[in-house]
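Right, one structure below, let's go through it.
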Amino acid sequence: MTETTCWKELDLEIPADKVEAETEKIAKDLARVARIPGFRPGKAPVNLIRRRFAADIKNEVLQSLLPERLEQALGEAKLIPVARPQVETVDFADGGAVKFKARFEVLPEFELGDYKNLEIELEPAAVTEADIDGQVQELREQAASLVPIEGRPIQDGDFAVLKLVGTPAGGTGEPIRMENALCHVGAEETVAAFSENLRGASPGDHRRFEAAYPADYPNRKLAGKSFVYSAEVVAVKERKLPEPNDDLAKETGEAETFEELRKKIRERLEAAREEHRKDQAKDKILDLLLGRHSFPVPETLVERQMDARVERAVRRLVAQGIDPRGVNIDWAGLRRQQRERSEGDVRAELLLDRIGELEKIEVSEEEWERELQGYAERSGENVAAVRARLTREGVADTMKAKLRSDKTLDWLYQQTRVR
């Protein structure tokens with residue numbers, strides 16, 4: 001292994017006598033079932049079989065002897081490939097030895113530096129009264145109700161109740177008819193034509209206007225199209241927020257009094273910020289360790305990590321109800337952009353694995369069962385089915401390794417001085 005790569009090569013040879021013995025065995029096995037014109041089944045001479053099926057016999061010999069010789073060589077050299085070795089330049093002459101080259105990647109050898117005396121600095125995560133006020137305001141907005149407005153025309157922030165008829169601007173397509181359609185005038189999410197034409201109107205007024213929808217409009221039936229609307233203003237309403245008092249606290253179902261509600265909000269914010277601060281600390285710990293250790297990482301593992309990052313991006317789109325095939329994304333370019341981060345991910349996993357091994361950090365059976373239980377709840381399966389499927393798909397060991405890495409990072413966090 002060189003200083004910049006994890007690739008290794010082995011030049012291997014299978015002795016001629018072993019090759020001849022295997023060739024003879026395969027030829028005899030074939031002779032028992034081969035049908036040769038002029039001979040009864042199983043009675044054709046072995047020499048004839050060897051000549052007639054020379055190519056097939058060679059392939060059988062290679063499939064039988066190469067994996068065995070390679071496994072033996074890896075064991076003798078105490079090498080563990082991270083993926084299936086590539087067999088190259090096979091030399092197989094009649095009556096001679098088989099020579100071939102095996103090329104593969106192994107985990108890097110590196111010196112582990114100090115990881116117990118780490119020190120990092122984080123921004124303070126104190127919860128202020130203003131933070132609590134912001135959460136209270138969100139609760140008030142969630143509990144807000146719409147009440148009628150009388151005596152003035154529509155202005156920004158109002159909600160117009162409309163009787164709406166829309167005709168496609170091109171004259172083709174399905175019209176839109178809505179009773180009691182609600183339009184938030186002046187809001188960012190409202191199509192500009194609605195706000196411009198409804199501003200200043202009063203109940204009973206009629207407005208006629210054309211509205212063009214952007215190509216990325218959430219409603220796909222409207223995206224990129226234009227409609228001519230006839231709108232009658234039925235009513236005008238405004239949002240009324242409840243007062244910040246005991247009634248609001250009771251309505252949330254979290255507390256009986258407003259002061260108790262503020263206390264619970266503080267506790268919730270403090271817990272969330274502490275968790276966020278812990279995540280920040282772990283990121284800084286990994287950055288610190290990566291900065292202290294420079295070693296090559298297997299390209300095979302980097303490629304897998306790049307694939308995993310792209311797959312996560314695809315899953316995020318699907319979770320949002322977006323078909324990845326219909327999105328204008330350069331997936332190959334996106335994958336290339338993940339290389340640097342993927343290399344860092346792999347290097348971090350190798351560091352955590354080494355530290356976990358030295359510190360004898362293991363995943364207990366109870367921890368693994370909890371992970372399976374959580375997975376089962378998310379997937380809607382029972383635990384036994386999840387365990388069987390993960391084992392069958394060959395990902396159970398990968399999940400256990402990730403659990404061990406997370407546990408090791410938690411251990412490092414406990415050992416690190418945070419300022």
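The values are calculated or read from the model by the stated rules, or taken from the named source; none is laboratory data. All values reported here derive from a predicted model rather than from experimental measurement. When we count neighbours, we look across all protein chains shown, and the Cβ atoms used for this are built from the backbone with ideal geometry, even at glycine.
Observations, loosely collected:
- Sole exception among (1) closer than 30 Å to TYR115 by Cα; (2) assigned to a helix (DSSP H, G or I); (3) β-branched (Val, Ile, Thr); (4) in contact with a Phe, Trp or Tyr (Cβ under 9 Å, 6 or more places away or on another chain) for VAL346, by number: (4)
- Residues in the stretch 381-419 that are within 23 Å of ASP283 (Cβ to Cβ), of a type in the set (Val, Ile, Thr) and at pLDDT below 90: THR398, VAL418.
- Within the stretch 161-181, restricting attention to residues that are within 40 Å of the chain's Cα centre (by Cα) and either small (Gly, Ala, Ser) or loosely packed, with under 14 Cβ neighbours inside 10 Å (or both), the residue that is modelled with the highest pLDDT is ALA181.
- Any hit, the stretch 59-82, residues being over 35 Å from the mean Cα position of the chain (by Cα) and either part of a loop (DSSP other than H, G, I, E, B) or on the phi > 0 side of the Ramachandran plot (or both): no
- Selection over the stretch 309-334 of residues that are free of Cβ contacts under 8 Å to residues at least 12 places away in the same chain and either assigned to a helix (DSSP H, G or I) or outside the structural domain of MET399 (by TED's automatic domain parsing) (or both) gives a count of 13.
- Test: GLY321 is modelled with pLDDT of 90 or more, out of contact with any Lys or Arg (no Cβ under 8 Å at 6 or more places or on another chain) and surrounded by fewer than 17 Cβ atoms within 10 Å (Cβ to Cβ): no
- The condition (being surrounded by fewer than 14 Cβ atoms within 10 Å (Cβ to Cβ) and closer than 15 Å to ASP406 by Cα) is satisfied by just one residue among LYS360, LYS278: LYS360.
- Within the stretch 82-109, the only residue that satisfies the criterion of being surrounded by fewer than 15 Cβ atoms within 10 Å (Cβ to Cβ), within 30 Å of LEU358 (Cα to Cα) and of a type in the set (A, V, I, L, M, F, W, C) is ALA83.
- Breaking point among (1) touching a residue at least 12 places away in the same chain (Cβ under 8 Å); (2) touching a strand residue (DSSP E or B) at 6+ places or on another chain (Cβ under 9 Å), for GLY96: (2)
- Yes/no for GLY42 being without any contact (Cβ under 8 Å) to a residue 12 or more places away in the chain and either touching a Lys or Arg at 6+ places or on another chain (Cβ under 9 Å) or hydroxyl-bearing (Ser, Thr, Tyr) (or both): yes
- The residues on offer are ARG262, ARG208, and the sole one that is of a type in the set (D, E, K, R), in contact with a helix residue (DSSP H, G or I) (Cβ under 6 Å, 6 or more places away or on another chain) and either at pLDDT 95 or above or in the same structural domain as ASN328 (by TED's automatic domain parsing) (or both) is ARG262.
- Some residue of the stretch 171-188 being touching an Asp or Glu at 6+ places or on another chain (Cβ under 9 Å), in contact (Cβ under 8 Å) with a residue 40 or more places away in the chain and not in a helix (DSSP H, G or I): no
- In the stretch 248-268, the count of residues that are under 29 Å from PRO124 (Cα atoms), under 33 Å from the mean Cα position of the chain (by Cα) and either surrounded by 15 or more Cβ atoms within 10 Å (Cβ to Cβ) or hydroxyl-bearing (Ser, Thr, Tyr) (or both) is one or more.
- Per the listing ARG347, ARG419, the residue uniquely touching a residue at least 12 places away in the same chain (Cβ under 8 Å), basic (Lys, Arg), surrounded by 12 or more Cβ atoms within 10 Å (Cβ to Cβ) and within 29 Å of LEU289 (Cβ to Cβ) is ARG347.
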